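Asker: Before we start, here is the structure in question, set down as structure tokens.
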Amino acid sequence: MVNATGIPLAWTLTGGNRHAVTQLIPLVDRVPPARGLVGRPRRRPDQVNADRAYDSHDHRRQLRQRGIKPEIARRKTGHGAGLGRYRWVVERTFAWLNRMKRLLVHHERRVEIHEAFLAIGCCLICYRRLSTSF
């Protein structure tokens, strides 16, 4: 999936009791290559913006090994680093997904069905964003 700016999107589905920090590297590894540009397609994003929950030397090291610049807010520092300018995009997208009642409350017994509805929801969000930009 590609958002309105041409950046590939990825998602993962985990249990409700899993902490999001454990899914950072697997999610980055799931990002598909950005096609359509001349030359070799870029397989990873240029940078990752994250909040203080993701601040650890291990995550920064693993992102740098993949050629990704980590823009992660430092713990125990004052607010105002500017990452909120980008964080609202993520929160807005979650709100759009939560408007789809089937995704808000998990009714399916099988993970594959819920992930299929998640994929449809992401496709609808991309379609709506792209249809209003033309």
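Asker: Calculate the FRET efficiency for His107 and Ser133 from the Cβ-Cβ distance with a Förster distance of 30 Å, rounded to the nearest 0.05.
Answerer: Working: r = 33 Å, r/R0 = 1.10.
It comes out at approximately 0.35.
Asker: Roughly how many debye, to the nearest 20, is the charge dipole of the range 20-132 about its Cα centre, given +1 on each Lys and Arg Cβ, -1 on each Asp and Glu Cβ, and no other charges?
Answerer: On the way: 25 positive and 10 negative charges, 56 e Å.
Here the range 20-132 has a charge dipole of around 280 debye.
Asker: Another question about this same structure. For Leu9, what residues show an amide H to amide H distance below 5 Å, using hydrogens built from the backbone and excluding near sequence neighbours?
Answerer: Here Val2, Asn3 satisfy the definition.
Asker: Shape verdict for the range 20-132, please, from the Cα gyration tensor: rounded (a/c under 1.5), prolate (a/b greater than b/c) or oblate.
Answerer: prolate
Asker: A follow-up question, please. Please work out how much length the chain gains when fully extended from Ala119 to Trp88, using 0.36 nm per residue of separation minus the C-alpha to C-alpha distance, in nm with one decimal.
Answerer: Gain in length upon complete extension: 9.0 nm.
Asker: Taking amide H positions as placed 1.01 Å from N in the peptide plane, with prolines and chain starts having none, which residues 5 or more places from Arg42, or on another chain, fall under 5 Å of its amide H?
Answerer: Ala34
Readers should treat all values here as calculations from the given coordinates under stated rules, not as data from a laboratory. The model shown is predicted, which means the values in this text are computed figures rather than measured ones. In this analysis, Cβ positions are derived from the backbone assuming ideal geometry, glycine residues included, and neighbour counts consider all displayed protein chains.
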